[in-house]
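Down below is the structure, laid out as structure tokens.
The values are calculated or read from the model by the stated rules, or taken from the named source; none is laboratory data. Owing to the predicted nature of the structure, the values given are computational and were not obtained by experimental measurement. Cβ atoms come from the backbone with ideal geometry, glycine included; neighbour counts cover every protein chain shown. Areas reflect the complete protein model, heavy atoms only, side chains present, ligands, DNA and RNA absent. Shrake-Rupley method; radii C 1.70, N 1.55, O 1.52, S 1.80 Å.
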Amino acid sequence: MRAGISRFTQIGEWIFEVKMVRALRVSEYGQPYSGVATISINGDNVYIDTQLTRNNEELSREDCMAFYEFCRQLEMKQIHYDRVKQGMRWPRVVDVEENQSPRPRIQLVK
């Protein structure tokens, strides 16, 4: 897989910008999938709007890392999503550490 994914592609006088993505959990495109998510992109932020799996299973750590890697390659800075536990919705925000601006190091000297 490529090191980075471009959000912008120019063809002729048109620039195409990726703003929404549908992600499928499946080993080969066209086969029945076991999970689906809809991702919206706004600026440097990604919003995972839906996360549905067959049999209502929770997303695994590997699933979450796949989303994180996708967002890293798109050079996103934050991932926003809702986690549902026991019928309650909990909003979450994850920083994509590799894409954060380097913070200046402040050193106090006497």
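The table for this structure:
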| read-out | value |
| --- | --- |
| Accessible area, probe 1.4 Å, largest first, for residues Leu108, Leu24, Leu52 | Leu108, Leu52, Leu24 |
| Portion, in percent, of the accessible area of the chain that falls on carbon or sulfur, probe 1.4 Å | 53 |
| 30 Å Cα-Cα reach of Lys19 towards lysines, excluding residues that sit fewer than 8 places from it in its own chain | Lys77, Lys85 |
| Mean Cβ count within 10 Å, highest first, over the residues of peptides 53-66, 31-44 | 31-44, 53-66 |
| Size of the stretch 6-68 as Cα extents on the principal axes (Å, biggest first) | 45, 27, 16 |
| In Hz, Karplus ³J(HN,Hα) per residue of the stretch 24-34 (6.51, -1.76, 1.60; θ = phi - 60°; x = Gly, Pro) | 10, 8, 6, 6, 8, 4, x, 7, x, 9, 9 |
| Alpha-carbon centroids, the stretch 1-53 and the stretch 86-110: separation in whole Å | 24 |
| Full-stretch length increase - Met65, Met88 - with 0.36 nm per residue and alpha-carbon distance subtracted | 6.0 nm |
| Å² of accessible area per residue within the chain, as computed with a 1.4 Å probe and no ligands counted | 83 |
| Computed accessible area, Lys19, all protein chains, 1.4 angstrom probe, square angstrom | 90 |
| Cα-derived Rg over Rh, computed across the chain with Rh taken as Kirkwood radius | 1.07 |
